[in-house]
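K.L.:
Dumping the structure here so I can ask a few things about it.
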Amino acid sequence: MFPVLGVQGDKALRHLTLSPDIELVDSPRHASVLLVAGEIPADRFEPLRRVHDQLPYPFTTLWFRCEPWPHLENVTRIDDLDVLPAALVTAYHELMEGRRESSPRILLDKPPNPWEGAGDFGQGGEGMMGGVPYGRPMAMNMEDDIRDGLTLDSLTFRLGPFFFAFPPGMAAEITLQGDLVQTWKTQRAPYPQSLDPVFFAARKRLVPIAALELARARHHLYRLFHALHLAGLESASLSALRLANNLSTTSTLDGLRRYLSRSGFFRLAAIKGGELGPEQARRIGGPAARAAGLDEDLRSDDAGYRRLGFSPVCQASGDTRARWRQVLAEIDQSLQLARQAERDDVSTSEVDRIETPRGPWLEKRPEDASALLDEILPGQEWGDALATIASLDVAAVAEAPLDTQTTGESPITELSDDEGGPA
Amino acid sequence: MIVEELVLPVLMVFFMLAAGAYTVAVLDRVIAGALGTPQTGSVWIAPLARGAWLMTQHANATEAPDWRAWRLAPALYLSLAAIGLAVVPWSGSLVATDLVTSVVLWGSVEALATVVIFLHGWSANALFALIGGYRYVALGLSYILISMFVLIGVALPAESLQFTQVVASQEELWNVIRQPLGLPLFLIVGLGMTFWGPLNLADSADLAGGTAAEISGPPRLVWDVARAAMLVAFSGVATSAFLGGWLGPWLPGPLWVAIKMLAVLLVLLLLGRLLPRLAPERCVTLMWVILLPLSFIDLVWAGVGALL
């Protein structure tokens, strides 16, 4: 199954990852079922049509918490996450047994622009040098190499908003020379991400620090889950996800940390580069800023946290490797604070200055920082670039909290309805 | 004559292709399950169900691919795996083709694999497939060089380039002990050559499947089977070159070969699941700066050993 993630669609992805009946794939070419998870904004309809038509026959589509397009026939909408895996399996079996017809193609099977090559193999012809056959730039040697002077044909392409390694909703125009990113232009910002309701509650009233810190640790573990999948450490990725789903004050990170260290994640994997300067780090804030050595954390201003002896942990180098070390340290710290806070029954003392896992929330929620990628990624190899993106939490914080009632990801604390609303 | 020299060897290779690919699929699933991947159904049926699913799926098209090359590449890779399996001896007499230059033939399989993998990536006329192909070409030479030095090392004591002679030369002492650097180097090279696990840079997750990102249906089935079969062929060569092939007490020779091949496969598949994917740049450094000099030392060690 290939997931197309809409707004808050990542919850469905995490749920399905742990479902033994579902095999998730990273390319639509490898799927027989397309899952549209979450509401897709209208400006992403065109890419969705293109992804839809890439699935090989026979295939079918399910829409999860998203209204199917009216012109599509034989589509299923599911709203309950608990029944989603079974619905996907049923759709697949019906498709394989011929009881369900394959979805039709939406787009015409013809190039958006006519090919103008004159030769036997489509080569040559007027305007072809530097031209844009099929509406896309040709791979050709147009730019000097920015790394070692070995100039290769540069290849410009657009990727997203449903590429699995990007934050959901993000799209970019990229120029590569070989494996090296020459230019990066973020064209669409990722969808704003929803945080746990406890962070919204903390903006209204004093909340138990234990709840806040468990939610923070869980947020970071979900990011780690994605990054480890990208790094090819599937079992560690699943461990991170399971740990996040079952997080409590008795949880520890020791096993996962030991495994990451022994497997060579910090030494061997493609997590080189991605350094942030102090100004860039400040623009994104949160753990990324602290990984760059900025000693800034609003929890330091909170009397409740001071009572627990909180002081921010920091790294120095500000690169991708430092950010993951920072994330692990912050998860550890959060679990420790949660244990202490639960034992001593400590709550926050500030409501208008809270540190979210995404960064500081003062007057405004943390804003989108995806434009920062345009500055950081050029010069990196492809694998390192994707690892850098995974290590940076660039999406803005959404106005509404995470919908936890039907996601299978139970909230850390029971909050009444009015507590979960936007600040 | 025809039966013994053509029909039986061909049948033997076909059997090894099918049984080997199936074994890899089962073992990998067992290991994944043991490491926490949620699974349902029987591990014995799952590879067959997957094969049936791919057979029902259509082979898709990309925009203006090089059709002939794109369709041919998986079949060529499967053929290379078959050639590799054909030179693996199961006993002194049970070997599909007992060429006097079988070590050289295996070397040519490694070299031609580079061409075929690049062809697979390039012919799809798609971005990630192309990058996957480029990556393999950039790294393939370093794998091949190390592999050749290590294999020359095992040919020296045998004074032959024939795998049956290489096995026979290990009657007194297996090469895994005689040349302690050889097998570890060869296993790392094997992961690279078969682009598996930590050295799967051609068909990697960051490229959404790399050279295989755009294929579906029967071509994907052939490609998957070919990759698994190449891993089996590699484990067969490692068994013959370092683990004494059919040599061993009590059990019949072919059973010893099967047990040793399974052990090598298990190590490769476990490494594939336990280690992160190496960054391409780090991989090049590892190969040229560390492993290649080590393979020189291995060769000198083997040469001195052969002289004494």
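K.L.:
What ³J(HN,Hα) values, in whole Hz, does the Karplus curve 6.51 cos²θ - 1.76 cosθ + 1.60 give for segment A:234-248 when θ = phi - 60°, with x put for Gly and Pro?
P.N.:
5, 5, 5, 4, 5, 4, 4, 5, 5, 4, 5, 5, 10, 5, 8
K.L.:
Between residue B:19 and residue A:374, what is the label-point separation in nm under the 7 Å Cα-to-beta-carbon projection?
P.N.:
6.1
K.L.:
How many angstrom separate the Cα center of segment A:89-112 from the Cα center of segment B:272-302?
P.N.:
If you average the Cα positions of each part, the centres end up 46 Å apart.
K.L.:
Next up: How large is ³J(HN,Hα), in whole Hz, for each residue of segment A:377-388 in order, when computed from phi with the Karplus curve 6.51 cos²θ - 1.76 cosθ + 1.60 and θ = phi - 60°, using x for Gly and Pro?
P.N.:
7, x, x, 9, 6, 4, x, 5, 5, 5, 5, 5
K.L.:
Ranked highest first by the average count of other Cβ atoms within 10 Å around their residues, in what order do B:117-129, A:9-21 fall? Provide the component values of the computation, followed by the final result.
P.N.:
On the way: B:117-129: 23.5, A:9-21: 19.2.
Put in order of decreasing packing, that is B:117-129, A:9-21.
K.L.:
What whole number of Å gives the distance from the Cα centroid of segment A:147-184 to the Cα centroid of segment A:340-355?
P.N.:
43
K.L.:
Output the 0 to 90 degree angle, nearest 10, between the alpha-carbon long axis of helix A:254-263 and the longest principal axis computed from the alpha carbons of chain A.
P.N.:
40
K.L.:
Something else now. What is the order of B:186, A:2, A:163, fewest Cβ neighbours within 10 Å to most? Walk me through the numbers on the way to the answer.
P.N.:
Working: B:186 27, A:2 23, A:163 20.
Exposure proxy ranking, most exposed first: A:163, A:2, B:186.
K.L.:
Taking the radius of gyration and the Kirkwood hydrodynamic radius from Cα positions alone, what is the Rg/Rh ratio for segment A:2-96, to two decimal places?
P.N.:
For segment A:2-96, the value is 0.91.
K.L.:
Mind checking the angle between helix A:320-344 and chain A's longest principal axis? C-alpha axes, 0 to 90 degrees, to the nearest 10.
P.N.:
30
K.L.:
May I ask you to list the chymotrypsin sites (Phe, Trp or Tyr not before Pro) in segment B:215-260 that are in a DSSP loop and have at most 10 other Cβ atoms within 10 Å of their Cβ?
P.N.:
On the way: sites: B:223, B:234, B:242, B:246, B:250, B:256; in loops: B:246, B:250.
Listed in order of number, the matching sites are B:250.
K.L.:
Could you sort the peptides A:42-50, A:389-397 by per-residue average Cβ neighbour count (10 Å cutoff), highest mean leading?
P.N.:
Numbers: A:42-50: 13.9, A:389-397: 23.7.
By packing density, highest mean first, the sequence is A:389-397, A:42-50.
K.L.:
Something else now. Taking the Cβ of each residue in A:346, B:115 as the centre, tally the other Cβ atoms inside 10 Å and list the residues starting with the fewest. The partial results should precede the final answer.
P.N.:
Working: A:346 19, B:115 15.
With the sparsest Cβ surroundings first, the list reads B:115, A:346.
K.L.:
Per-residue mean of other chain beta-carbon atoms within 10 angstrom of the beta-carbon, peptide A:225-231?
P.N.:
Averaged over the peptide's residues, the number is 2.
K.L.:
Mean Kyte-Doolittle of at least 1.6 plus a Cα span of 20 Å or more along the axis: flag which DSSP H helices in chain B meet both, please. Could you put the intermediate results ahead of the total?
P.N.:
Values: long enough: B:8-34 (38 Å, 1.80); B:67-86 (29 Å, 0.97); B:102-123 (30 Å, 1.40); B:127-158 (47 Å, 1.83); B:218-242 (35 Å, 0.94); B:253-274 (32 Å, 2.05); B:292-307 (23 Å, 1.68).
Within chain B the helices that satisfy the rule are B:8-34, B:127-158, B:253-274, B:292-307.
K.L.:
If you don't mind, another one. Arrange the following residues from fewest to most other Cβ atoms within 10 Å of their Cβ: B:239, A:249, B:164.
P.N.:
Details: B:239 27, A:249 16, B:164 23.
Result, fewest neighbours first: A:249, B:164, B:239.
K.L.:
Given a Förster distance of 41 Å, report the FRET efficiency between residue B:61 and residue B:34 from their Cβ-Cβ distance, rounded to the nearest 0.05. The partial results should precede the final answer.
P.N.:
On the way: r = 39 Å, r/R0 = 0.94.
Calculated value: 0.60.
K.L.:
Starting from the Cα of residue A:279, step 7 Å along the direction of its Cβ; do the same at residue B:115; then give the gap between the two resulting points in nm.
P.N.:
A separation of 5.4 nm, rounded to one decimal place.
K.L.:
Counting only other chains, and only Cβ atoms inside 10 Å, what mean value do you get across the residues of A:51-58?
P.N.:
Working: counts 0, 0, 1, 4, 4, 11, 7, 3.
Mean shielding by partner chains, rounded to a whole number: 4.
K.L.:
Continuing with the same structure: Loop only per DSSP, at most 16 neighbouring Cβ atoms within 10 Å: give me the chymotrypsin sites (Phe, Trp or Tyr not before Pro) in segment B:1-73, ordered by residue number.
P.N.:
On the way: sites: B:14, B:15, B:22, B:44, B:53, B:67, B:70; in loops: B:44.
Those satisfying the criteria are B:44.
K.L.:
Counting helices only, and only those DSSP H runs with n ≥ 4, report the 222 nm mean residue ellipticity of chain A as the sum of -39,500 (n - 2.57) divided by its residues, in deg cm²/dmol to the nearest 500. Don't jump to the answer; show the numbers that get you there.
P.N.:
Values: 13 runs with 136 residues, N = 423.
Calculated mean residue ellipticity at 222 nm is -9500 deg cm²/dmol.
K.L.:
So which aspartates and glutamates pass the test for residue B:260, namely a Cα distance under 19 Å, with those fewer than 8 places away in the same chain ruled out?
P.N.:
Result set, ordered by chain and number: B:28, B:171, B:172.
K.L.:
For peptide A:169-178, what's the mean number of Cβ atoms from other chains within 10 Å of each residue's Cβ? Intermediate values should be presented prior to the final figure.
P.N.:
On the way: counts 0, 0, 0, 0, 0, 1, 0, 4, 0, 6.
Average per residue, whole number: 1.
K.L.:
Just for the protein assembly as shown, what percent of DSSP beta bridges are antiparallel, to the closest 5?
P.N.:
Numbers: 21 of 34 bridges.
Counting only bridges with both partners in the protein assembly as shown, antiparallel ones make up about 60 percent.
K.L.:
While we're here: Using Cα positions and a limit of under 30 Å, work out the lysines in reach of residue A:185, with same-chain residues fewer than 8 apart set aside.
P.N.:
A:11, A:110, A:272, A:364
Values quoted throughout were computed directly from the atomic coordinates according to the rules given, and no laboratory measurement underlies them. Because the structure is a prediction, the values reported are computed rather than measured. Glycine gets a Cβ as well: all are built from the backbone with ideal geometry, and neighbour counts include every protein chain shown.
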